[in-house]
1. Give just the number: which of (1) within 23 Å of the chain's Cα centre (by Cα); (2) of a type in the set (F, W, Y); (3) farther than 27 Å from L430 by Cα does Y306 not satisfy?
2. Among the residues of the stretch 385-414, count how many are of a type in the set (V, I, T) and either surrounded by fewer than 24 Cβ atoms within 10 Å (Cβ to Cβ) or assigned to a loop (DSSP other than H, G, I, E, B) (or both).
3. Give the stretch 471-480 a look and list any residue that's within 23 Å of F301 (Cβ to Cβ) and open to solvent by 60 Å² or more (accessible area, probe 1.4 Å), or say none.
4. For the stretch 373-384, give me each residue that is open to solvent by 10 Å² or more (accessible area, probe 1.4 Å) and free of Cβ contacts under 8 Å to residues at least 60 places away in the same chain.
5. Pairs, please: C-beta under 8 Å, at least 6 apart or cross-chain, first residue of a type in the set (G, A, S) and in the stretch 41-69, second modelled with pLDDT under 75 and assigned to a helix (DSSP H, G or I)?
6. Here is a list: L97, L81. Which entry is within 17 Å of V221 (Cβ to Cβ) and either open to solvent by 10 Å² or more (accessible area, probe 1.4 Å) or part of a helix (DSSP H, G or I) (or both)?
Amino acid sequence: MSQKTLTDSAQAGAVEASPEAASTKRWWILGVIALAQLMVVLDATIVNIALPSAQADLGFSDGNRQWIVTAYALAFASLLLLGGRIADLFGRKTAFLIGVVGFAAVSALGGAATNFEMLVTARALQGAFGALLAPAALSLLNTTFTDAKERAKAFSVYGAIAGAGGAVGLLLGGVLTDALDWRWTLYVNVVIAVVAFAGGWMLLHNHRDAGNSKLDVPGTVLVAAGLFSLVYGFSNAETHDWNSPATWGFLIAGGVLLVAFAWWQTKAAHPLLPLRILLDRNRAASFLAVLISGGGMFGVFLFLTYYLQLNLGFSPTKTGVAFLPMVAALMVGAQLGTTKLVPRMGPKAVIPLGFGIAAVGMAWLTGIGVASSYTSAVLPQLIVVGFGLGLVMPPAMQLATGGVAAEDAGVASATVNAMQQVGGSIGTALLNTLAASAATDYLAGKDPSNKLVQAQATIESYTTAFWWSAGLFAAGTLIAFLLYRRGVPEQDPDAAPVVHM
């Protein structure tokens, strides 16, 4: 393994300047990275609210509607590890800038779509460029901030955006659809990208820490096909059935391909995902924490969006605003967790605590009814869930990418993004299926034409999803407690610093 560390890389690329000027520049870089990451994360949800308008405009069927969302998720998840390795091999600045420009260009293509095929192609290409951009952004953050305290603050900001970006996407999607047109949910990326590209061009340095390595082509094919099959299989569970070959067939194929990928990584001369990245106990626990939080969080965004709009009669914009207290609580939890609690208590105490708080908030949210009030039945619960997730996601992301060799920074960052994306896909499929079954069971023997019965059936479906999300977070509490090492993470002298006292 190369002894070149992330700290070395950052120092090699540093500008000859005073410590104050260098520190100021780092925070400007954080702003650029955060903006680019926000663009990628919010695009997972920003189009959702605009879908009915887009469907009416372009005239595609209900069956095709899911592909506007699924095309992005499939391309993003399946190409993430490749994108991370490209950043390591050819330079993070190069990967970042190409990702930003490409993302903006295909967003403009989607905004100008004249038919379903053009829109779904643009969404798939968005996912592909996002898979290049997201790991480059996270690995740039990892190599830019090497001081422990600064790094903790930077990751609290980044982690809060990664966790809250979905809610921001719902708000922005609602505002743009209501005020302008559904096409602006895609055009807005061009505006964001111009700022991110200008900042990246001026502030970033290009590092090729794995420049002597080669791309692992068999590994790339295996992992891309495996992740594609896994996400596609879970997506089919929403629209088909768990008994459908289109569901279980792709899930089995995905599992086999990923096992083959893991085997190949032990044989490859230049592995795409060096297994040393996964063998650290805290890092493996962090990957699982990101996977679980990504899965459970969709229970909040997806079903609460339905409840607020369909049951409480909120507009798209008002629905987005309703999520803002959760975003604020998540940011407070992120700052407290990464800068104060983990450096003093270690992840074994903090991350299970965050999962436990989120589980309590989700269980509390099951108290919603047909005529509940937002201020009493939703708002306090959202704040509790947001605060709990703030204690989980940013510290987990920081620990998952901290301490890796410089040549592995991109692919470690890609693995974090892949875990969040796959977790979201699994969570969406499972919760949708469970919610639909709960509604069907409730309607059995009742009059489905009765509006009150119908409304209560939807409440039953939402609360079932919330209970399962609470269970997922409770499982996260146990898993995180068992897997994380005791005490404050120690700094590896041959790697980038992890938060410590």
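The values are calculated or read from the model by the stated rules, or taken from the named source; none is laboratory data. A quick note: this is a predicted structure, and the numbers were derived from the prediction, not measured. Please note: Cβ atoms are built from the backbone with ideal geometry, for glycine as well, and neighbour counts cover all protein chains shown. Each accessible area value is taken on the protein alone, full model and side chains, heavy atoms only, with ligands, DNA and RNA left out. Shrake-Rupley method; radii C 1.70, N 1.55, O 1.52, S 1.80 Å.
1. Here Y306 meets the rest and fails (3).
2. Final tally of qualifying residues: 1.
3. Selection gives L472, I479.
4. Matches in the stretch 373-384: S373, T375, S376, A377, L379, P380, I383, V384.
5. Sorted first by the residue in the stretch 41-69, then by its partner, the pairs are A44/G165; A44/G166; G63/T239.
6. Testing whether each residue is within 17 Å of V221 (Cβ to Cβ) and either open to solvent by 10 Å² or more (accessible area, probe 1.4 Å) or part of a helix (DSSP H, G or I) (or both) leaves just L81.
Okay, residues lined up against (1) under 23 Å from R281 (Cβ atoms); (2) in contact with a Pro (Cβ under 8 Å, 6 or more places away or on another chain); (3) of a type in the set (S, T, N, Q):
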| residue | (1), (2), (3) |
| --- | --- |
| P325 | no, no, no |
| T338 | yes, yes, yes |
| V342 | yes, yes, no |
| G356 | yes, no, no |
| W364 | no, yes, no |
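So that you can scan it fast, the table gives a plain yes or no per residue for (1) open to solvent by 10 Å² or more (accessible area, probe 1.4 Å); (2) under 21 Å from T45 (Cα atoms); (3) in contact with a Phe, Trp or Tyr (Cβ under 7 Å, 6 or more places away or on another chain); (4) among the basic types (K, R):
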| residue | (1), (2), (3), (4) |
| --- | --- |
| F103 | no, yes, yes, no |
| V106 | yes, yes, yes, no |
| A112 | yes, yes, no, no |
| F116 | yes, yes, yes, no |
| R123 | no, yes, yes, yes |
| G127 | no, yes, yes, no |
| T144 | yes, no, no, no |
| S156 | no, no, no, no |
| T177 | yes, yes, no, no |
